[in-house]
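What follows is a single structure, written as structure tokens, with notes after it.
No value in this document is a laboratory result; all are computed from the given coordinates. These numbers were taken from a predicted model, which means no experiment stands behind them. For neighbour counting, all protein chains shown are included, and Cβ atoms are generated from backbone atoms with ideal geometry for every residue, glycine included.
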Amino acid sequence: MFKNIEVNQELLDYISEFGYQQDPIQKEIIQYNKSLRNQERLQLSVTQANLLQTMIRLCKIEECLEIGTFTGYSALSMALALPENGRVTTLDNDEKNISIAKSFFEKAKLDDKVITILGPALDSLKKFEHDKKLFDLIFIDADKKNYIKYFNISLDIIKKKGIIIVDNVLWHGDVYNKTINDKETNIIREFNSHVKNDKRIEKFIIPLGDGLTICRKL
Ligand SMILES: C[S@@+](CC[C@H](N)C(=O)[O-])C[C@H]1O[C@@H](n2cnc3c(N)ncnc32)[C@H](O)[C@@H]1O
């Protein structure tokens, strides 16, 4: 059986030359994130962002929700792929992150398409649930300890046949290694079991970046 090829830096460079084009502000956010050194790893990978954009276009998504804005790379990537009437609502509890992200959305002239909400994501999600607000696509990429809660509420506020995408589900590849038992790895394992046993969705884990689970509500 064909095995996956190893994705090294040279291959990523090749893909970036032939596989996609980045918007100038996407490039600018990447450069900015590099200046943050150890925080750079928080940003979604470029290939993952391209997958999000492709799904938005193929599935004709209009209303997106993101849990975890950081400096805005993934939210901007989604906004770029949305139709004229599309919107991304993005949640973060860090004031500085939200303010930096907003400056990039303005620079890209997409600030009318991106709604930022500052505060604990759980509070915003509960409010959406209360207000019966529904989304076509929800991207979960914030604090891992709340992943199960985020996922459960997401299932209540996603439209039928809507898509939930979750990042970091392979946790640097540590999830399968039984000798690794730190708290965060176990949180991700618990989350993956939770999703596996949920009969309200169909799902698929893609080994892209740090691992993405793509779920579709039945
Ligand atoms: C991995 S980063 C998001 C990366 C972003 N999606 C991107 O690709 O650039 C996670 C973000 O979640 C935010 N966060 C962590 N805990 C949170 C919480 N309880 N409520 C809201 N945001 C939270 C952090 O401030 C951080 O900006």
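Go through ILE5, ILE61 for me and flag whichever is of a type outside the set (D, E, K, R), assigned to a loop (DSSP other than H, G, I, E, B), in contact (Cβ under 8 Å) with a residue 40 or more places away in the chain and away from the ligand (no atom under 15 Å from the Cβ).
Going through ILE5, ILE61 in turn, the sole match is ILE61.
Being aliphatic (A, V, I, L, M) and touching a Cys at 6+ places or on another chain (Cβ under 8 Å) is true for just one of ILE67, ILE29, ILE56, ILE61. Which residue is that?
ILE56
Among the residues of segment 77-92, what is the count of those that are over 16 Å from ILE165 (Cβ atoms), more than 7 Å from the ligand (Cβ to nearest atom) and either part of a strand (DSSP E or B) or within 12 Å of the chain's Cα centre (by Cα) (or both)?
1
Scanning segment 37-54 for residues that are within 9 Å of the ligand (Cβ to nearest atom) and not hydroxyl-bearing (Ser, Thr, Tyr), which turns out surrounded by the fewest Cβ atoms within 10 Å (Cβ to Cβ)?
The extreme case among them is ARG41.
Could you check segment 127-159 and list, in sequence order, the residues that are under 14 Å from ILE61 (Cβ atoms) and in contact with a Leu (Cβ under 8 Å, 6 or more places away or on another chain)?
Result: PHE135, LEU137, ILE138, PHE139, ILE158, LYS159.
Are there any pairs, at least 6 apart or on different chains, whose C-beta atoms fall under 8 Å, with the first in segment 94-110 and among the β-branched types (Val, Ile, Thr) and the second more than 10 Å from the ligand (Cβ to nearest atom), and if so, which?
So the pair list comes out as ILE98/THR116; ILE100/TYR32.
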